[in-house]
Structures are given as structure tokens and as C-alpha cells.
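These notes concern the structure reproduced below.
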Amino acid sequence: MTKRSELEKLTATKLREMAHAYEEIKGASGMAKGQLIEVLVAAMRQRGTFQEDLSHAAAIDQLEAQRLKVRTELGPLIRNKRALLAAETHDHAQIKDVRAKVKRLRRRIHRIRVQENQIKKILKIKA
């Protein structure tokens with residue numbers, strides 16, 4: 001089993017030698033190091049000899065857990081905001097406070113999704 005981090009440590013010459021062992025890789029002699037790594041990773045995934053870096057997978061799991069936790073906090077706030085707006089007498093200060101909290105949580109969810117997408121892009125997983 002090979003990891004991407006191990007491939008990135010190798011020279012382009014060593015990567016080309018590795019690529020020649022795979023029949024499905026054509027034109028390895030003209031490829032740059034980054035292209036060679038991508039082609040090797042794809043070929044290794046097909047054969048089942050590629051191992052994902054666990055640090056990235058663990059980070060994605062952690063971010064997903066954070067996002068779900070924030071979403072659970074967001075639901076009651078939105079219901080509270082709707083109830084405040086539906087009331088005949090509006091407490092404008094309280095509505096303003098709840099709206100600000102909702103906005104902060106939505107921004108946090110967005111930031112977490114951006115981080116997840118960056119890690120998934122590294123791993124070449126479609127978001």
C-alpha cells in the first residue's frame with residue numbers, strides 16, 4: 001500500500017520508473033511530477049494498492065461532526081426567531097440578537113464546508 005505523501009517525496013525519475021510498471025499509464029516519460037502522482041494514484045486506486053492519508057480522512061470526519069453540531073444549534077434559534085416575529089408585540093432587541101446568532105452560525109457552517117471542500121480537493125474526492 002502506498003500513500004500520496006510517500007509519492008510526493010520521490011523524484012520524478014523514480015515516479016516514471018514506477019509508472020512503467022502499470023500498463024494503463026501511457027506517456028509517463030513526458031509528464032511532470034504532479035501529473036505522474038495523479039496518474040499513479042488513479043492507477044493504484046484501480047488496483048486497490050493506494051492508501052488514503054488517514055490524517056485527511058480524520059479531519060473530514062471531525063469537520064462533518066462540527067458542522068452537524070452547529071446545525072443542531074441552528075434549528076432551535078430559527079424556530080425562536082419565527083416565534084418572535086409571529087408575536088403581536090415585537091421585542092426588537094431580542095429579534096436582533098437572535099438574527100445575529102443565526103447569522104454567526106450560518107457563517108460558521110459555511111467556513112466548515114469550505115475547509116471540508118479544500119481537504120476533499122486534496123484527496124480528489126468530489127464534494
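Readers should treat all values here as calculations from the given coordinates under stated rules, not as data from a laboratory. These numbers were taken from a predicted model, which means no experiment stands behind them. Reconstructed Cβ throughout: ideal geometry from the backbone, glycine too, with neighbour counts over all protein chains shown.
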**Item:** Charge-dipole axis of the chain as Lys and Arg at +1 and Asp and Glu at -1 on Cβ define it, positive-most pick from ALA32, MET18, GLN118
**Value:** GLN118
**Complete:** Restricting to Cα pairs under 8 Å and 6 or more apart, the percent relative contact order of region 4-47 works out to 42
**Whole-number percent relative contact order across the chain, with pairs defined as alpha carbons under 8 Å at least 6 apart** = 25
**Fill in**
At 4 °C and 1.567 mPa s, the Stokes-Einstein diffusion coefficient in µm²/s for the chain, with hydrodynamic radius from the Kirkwood sum on alpha carbon pairs, is 71
**Over 32 Å (Cα to Cα) - which of LYS69/LYS96; LYS81/LYS124; LYS26/LYS124; LYS69/LYS124 fall in this group** = LYS81/LYS124
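Divide by every residue of the chain the summed helix terms, -39500 (n - 2.57) for each DSSP H run of at least 4, and state the resulting mean residue ellipticity at 222 nm, rounded to the nearest 500 deg cm²/dmol.
-25000 deg cm²/dmol
Averaged over every viewing direction, what's the projected area of the C-alpha convex hull for region 1-75? Give it in nm², one decimal, please. Can you show the working numbers first?
Details: hull surface 25.7 nm².
Mean projected area of the Cα convex hull: 6.4 nm².
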**Request:** Work out how much length HIS92 to ASN117 would gain on full extension: take 0.36 nm times their residue separation and subtract the Cα-Cα distance, in nm to one decimal.
**Result:** 5.3 nm
